Structures are given as structure tokens and as C-alpha cells.
Amino acid sequence: MYGKVMSACLHGVEGKLVEVEVDLSNGLPQMNIVGLPDSAVKESIERVRAAIKNCGYTFPLQRITINLAPADVRKEGSAFDLAIAMGILYTSGQLQLELPEQILILGELALDGTVRAIPGVLSMIASASEQGIRRILIPRPNYQEAALIPDIEIGCLSHLNDLHNGIAHLFNMTNYSPSKSKSPDARISASIEDYADVHGQMQAKRALMICAAGMHNILLLGPPGTGKTMLVKRLPSILPVMSDQEALEVTKIYSASGKFADRSSLIRERPFRMPHHSVSSAGLVGGGGIPKPGEISLAHRGVLFLDELPEFSRNVLEVLRQPLEERYVTIGRARATYRFPSNFIFAASMNPCPCGYWGAETPAHVCTCSELKIEHYRSKISGPLLDRIDLQIEVPRIEYGQIVEKTAQLSSQEMKAHVDQARHIQLHRYKHASITFNSELSGKLLKQHCQLSMEAEQLLQKSFEILGLSVRAYDRILKIARTIADLDGSPQLGIPHLAEALQYRSLDKKTHSPTNTRQSTV
């Protein structure tokens, strides 16, 4: 006897449909699963056998062969348990299924027949919906997550005993609906820190506003205690809200990673990830025997913040180069290649030297680092990586008068108003293109939207020669200038926009300065 039902698995962060074929034949009673199953899938044999027996069904005393097709794709996880059990019951005549190939079945089984929630439901159902499957049978705890996908019929079950009366009633008994998704304009203001808390640092705030408006990478350089970490941690408070498509992309990543705690709505707040400097390469970009998303994918459409950048291993930092350029990371394994999205703002902070006080010395804090030590400290960050950082900002010490002054500080609300204005201009400009932010400009689009006047072209040429800029830095300066012009509401790039963009290449100016000697402010 032969039967077939549909299930799905995760391939990276995307869902992939899997046909669960069941064959019952005469022979010694045994059950085999083929089709590249991992250990969790192989262990489902015992879970399925116990669940079927403990729920009053008869487990066939025959030779049972389960094939998971396509057979050349690695299958992992416990999401096939329910499909395998229902496939056996359907093939042995104990369960009636109409059009089984039009129902997606997902769920993990306990030994007593309880159906447990599984990760990655959103990605798997979205993939099934794209391929025309409209009926989904899932664990009840996953209902709210599944309901985020429109135009599907959802059936839920809590226990294998729910199948005794067939499955038609399972699609009718789902009488509760998920909480409404938060509006794209809704923001959790109570949990977000405000830039009004930061005294002074107007240039850094301006740079962070440019960073948020165009989704550009940024590096803050300065002595300890100047507010570098404080400034970056408030970056989410001025970022533009995510579109529905961006929210779905982020939610699918967190669902596949098992980190989607609130299943009632799409994730609307842009992610902010801040890994410790002891993170490994696999932890940062993803990896493992069957690769899982790393920090850069969990930061997709949001911010990845590396505090004290030189403290990270050079090997770890170097793996960022390709994702920063391509906006995705590809991880190859012997049996498959996985592709994870990684379109994020790269934010970092660092001290000017190991002790932190070079160039910002006071009577209480004198730099004790030799030039060789400073050079070794900065060499942990390679030139190619620095080249991919659009905004390089020096954050100076704050004077006492700036701390106690009574004048109002620039707030997140004021900064976000400018960011939203620039964001609206970009949405209108790129409505017929495949990009959404200025940082994504390249090729013909870059030439089309970043045209310079003759005077501006001459300024950029001189700067290019004096600073020894790379072609990549040239393109990034144009993108920054485009964002500055958008913040000013200007359709054309002028000399002021370009000049401001050039001043944000602090490390380029230091590297190519005629005199690069130790300075003291004592």
C-alpha cells in the first residue's frame, strides 16, 4: 500500500516543500526513513510509533518505508513527525484524507501524542503558499504565527487524538484569531532611549542621522567615556519603520532561528544586535554542520553594532567584507549551499589607541602607548574593511559646561523627522527600481542620481588624489552626499553636500596627513 502527504523543512531561512511517501509491504515489522534524514528525523520513528499506539490507533506490523523527497536535500528537525504519523494512518486506512497533496502538515509529536510547536513555521508556510498549497495543518501553539500569511486555511490540533473524528472539524474549530499586527507606524517609545539624553556631540548626531536616512555604515572613534556606545545604542530610535516586506523578511529569519517569541504579529522594530568581542566567525556570519543564521542575518534590515572594534579577532572581522558588499552571506557545505540575507547597518566604535587617550590627553589621562603599539592596535582593522565604512566620525571629549548647560538637546523625535523626510524622498525616487535606500546605489543608478557639477567634480578629484581614496570610497562618498542632499531636501548634489561627505572620512585624512605625529591637549 502506498500513500503520500505533504510537509516542509527549512533550508537556511527559507522553507522547502517535502513529499512524505509511505509504503506498507509484507515482511518483517520494521520502519525505515530514507531521503537524507538527520538524527532528529531518524528518531521520529520511535516518537511516531509510541504516539500512534498511545492514542488508540494500530501501528502496522509490516515493513514500513518512509521516503522524504526530494532525496538530495538534507532534512533536519522534528517537523516531520505529524506528517509521518498521518501518512502511516492514511496509508493503513485508519484515517481519511481528501486531496492529501493539497494539505501541508507540520508538527512534532510527544510520546503520548501531544503535538508540539516547531520553529520556522512562517518560512515553511510562506513557501507552501507560493506553490499553491492553501490548507495548512499545524500545532495549535503555532496558529498565530501561521495566520500572518494571508489567504490560507489553517487547521490546528493539540493532540493526535484530535484526528479520531477526521480532519474537517480541525479547520472549523479554530475559533480565535491572532492579535492584530502592529501598525507600521507604531513604535515602542517607552523602551527606546532618546538622543536628548546625550549632551553635545552635535557632529556625531548629524552623522548618525545621515546613517539612518541612507542606511550607511558608521564608525565612531574617540577616547573612553565620550558617549560612543550611548550614541549608537540610540540609533534604533531614529531608524525608518520597516515596510511589510522587510518585516516579513526579518520575522522569517527569527522564526527559523527559534527566536520569534511574540508570534502574534510581524516584527516591526528594526533589529539591533550587539555581539560580544569573543564571538566566533560562525557565530557572526552563521554556520554549523547544518548552517544556522548568525548575528549578521539576525541584524538584517537593522543594526549590527561591534563595540570596541579592535578587540574582535581579525579573522572574525574579515568575514564581514563579503556580506557588507553583497548584502548576503553564502555558506557552502558538501551537500548543500545556504544563502542568508544580511542587509544591515554596520556600526562600530573604537578608541584611538590601546589606552584610549592618544590625541585627547588630559593631566589625569596621559597616553602611554608607543607609536608601534598604536599601529599594531589599528592594524587589527584592515584597509578593505575600513573602506566599506561610509562614515568615520571622531567623538571628542565633552566639556563640563556642555554637561550642565540648560539648553534643550537634539532629541530622537526631531532627528527622526528629518530621517523620515529623506526616507520619503528615496521611496519616491526608487519606486521603479529594485533598491530602497541610497546605500544600495550602484552602477547606472549611481551615475543617474549622483551627478555632480563641474566645481563639485573638481573638489572630489582633488580629494581623491590627496587622500588616496579607492574607487569604492569614491562611490560611497557620492552615496553619502546623496543622502545629505535628501536631508536638505535638495534634488541636486552641491559642493556643500560633497564637502560634508568628505569630512566624514576621518581615518582616510589621518592616514594621509603630511604630519602624523602624537598630539597632546594638555
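Descriptive notes on the structure:
- Applying the condition of being surrounded by 13 or more Cβ atoms within 10 Å (Cβ to Cβ) and either among the small types (Gly, Ala, Ser) or in a loop (DSSP other than H, G, I, E, B) (or both) to the stretch 11-35 and asking which residue is modelled with the lowest pLDDT yields 12.
Okay, residues lined up against (1) touching a Leu at 6+ places or on another chain (Cβ under 9 Å); (2) modelled with pLDDT of 95 or more; (3) in the same structural domain as residue 221 (by TED's automatic domain parsing):
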site	(1), (2), (3)
411	no, no, yes
420	no, yes, yes
432	no, no, yes
436	yes, no, yes
442	no, no, yes
454	no, no, yes
461	no, no, yes
465	no, no, yes
468	no, no, yes
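- Residue among 267, 296 that alone is in a loop (DSSP other than H, G, I, E, B) and in contact with a Phe, Trp or Tyr (Cβ under 9 Å, 6 or more places away or on another chain): 267
- Residue count for the stretch 49-81 under the criterion of being closer than 26 Å to residue 12 by Cα and in contact with a strand residue (DSSP E or B) (Cβ under 9 Å, 6 or more places away or on another chain): the result is 15.
- Residues (surrounded by fewer than 17 Cβ atoms within 10 Å (Cβ to Cβ) and under 21 Å from residue 161 (Cβ atoms)) located in the stretch 55-75: 56, 58
- Neighbours by Cβ (under 6 Å, 6+ apart or cross-chain): first from the stretch 336-355, in the same structural domain as residue 303 (by TED's automatic domain parsing) and surrounded by fewer than 22 Cβ atoms within 10 Å (Cβ to Cβ); second part of a strand (DSSP E or B) and among the polar types (S, T, N, Q): 339/330
- Any hit, the stretch 152-160, residues being closer than 26 Å to residue 248 by Cβ, within 29 Å of the chain's Cα centre (by Cα), touching a residue at least 24 places away in the same chain (Cβ under 8 Å) and buried (at least 16 other Cβ atoms within 10 Å of the Cβ): yes
- For residue 57, the conditions (1) hydroxyl-bearing (Ser, Thr, Tyr); (2) closer than 23 Å to residue 171 by Cα; (3) assigned to a strand (DSSP E or B) all hold with the exception of (3).
- Selection from the stretch 239-284 of residues that are surrounded by fewer than 20 Cβ atoms within 10 Å (Cβ to Cβ) and under 23 Å from residue 318 (Cβ atoms): 273, 274, 276, 277, 278, 279, 280, 281, 282, 283
- Within the stretch 317-343, the set of residues being within 13 Å of residue 286 (Cβ to Cβ) and of a type in the set (A, V, I, L, M, F, W, C) comprises 319, 320, 329, 331, 340.
- As a summary of the residue check, residue 98 satisfies the conditions (1) part of a helix (DSSP H, G or I); (2) without any contact (Cβ under 8 Å) to a residue 12 or more places away in the chain except for the one numbered (1).
- In the set 172, 165, 161, only one residue is modelled with pLDDT of 90 or more and among the polar types (S, T, N, Q); that residue is 161.
- Qualifying residues in the stretch 470-522 (those that are under 16 Å from residue 386 (Cα atoms) and not in a helix (DSSP H, G or I)) - the one modelled with the highest pLDDT: 504
- Scanning the stretch 436-469 for residues that are within 21 Å of residue 387 (Cβ to Cβ) and either under 29 Å from the mean Cα position of the chain (by Cα) or of a type outside the set (A, V, I, L, M, F, W, C) (or both) yields a count of 16.
- Some residue of the stretch 447-467 being buried (at least 16 other Cβ atoms within 10 Å of the Cβ), touching a Cys at 6+ places or on another chain (Cβ under 7 Å) and not charged (D, E, K, R): no
- Within the stretch 117-143, being surrounded by 17 or more Cβ atoms within 10 Å (Cβ to Cβ) and either outside the structural domain of residue 62 (by TED's automatic domain parsing) or not hydrophobic (A, V, I, L, M, F, W, C) (or both) holds for 119, 120, 123, 127, 129, 135, 139, 140, 142, 143.
- Scanning the stretch 3-38 for residues that are hydroxyl-bearing (Ser, Thr, Tyr) and either outside the structural domain of residue 104 (by TED's automatic domain parsing) or closer than 18 Å to residue 132 by Cβ (or both) yields a count of 1.
- The residue that is farthest from residue 426 (Cα to Cα), counting only those in the stretch 449-469 that are assigned to a helix (DSSP H, G or I) and touching a helix residue (DSSP H, G or I) at 6+ places or on another chain (Cβ under 7 Å), is 467.
- Here residue 431 passes the criteria (1) without any contact (Cβ under 8 Å) to a residue 40 or more places away in the chain; (2) outside any loop (DSSP other than H, G, I, E, B); (3) basic (Lys, Arg); (4) closer than 20 Å to residue 489 by Cα except the one numbered (2).
- Filter result (of a type in the set (A, V, I, L, M, F, W, C), surrounded by fewer than 23 Cβ atoms within 10 Å (Cβ to Cβ) and touching a residue at least 40 places away in the same chain (Cβ under 8 Å)) within the stretch 217-230: 221
Here is a yes/no grid of residues against (1) among the basic types (Lys, Arg); (2) at pLDDT 90 or above; (3) touching an Asp or Glu at 6+ places or on another chain (Cβ under 8 Å):
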| position | (1), (2), (3) |
| --- | --- |
| 258 | no, no, no |
| 267 | no, yes, no |
| 273 | yes, yes, yes |
| 280 | no, yes, no |
| 287 | no, no, no |
| 293 | no, yes, no |
| 297 | no, yes, no |
| 301 | yes, yes, yes |
| 310 | no, yes, no |
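The values are calculated or read from the model by the stated rules, or taken from the named source; none is laboratory data. Computed from a predicted model, the values in this text were never measured in an experiment. Don't worry about glycine lacking a Cβ; one is built from the backbone with ideal geometry, like all the others, and counts go over all protein chains shown.
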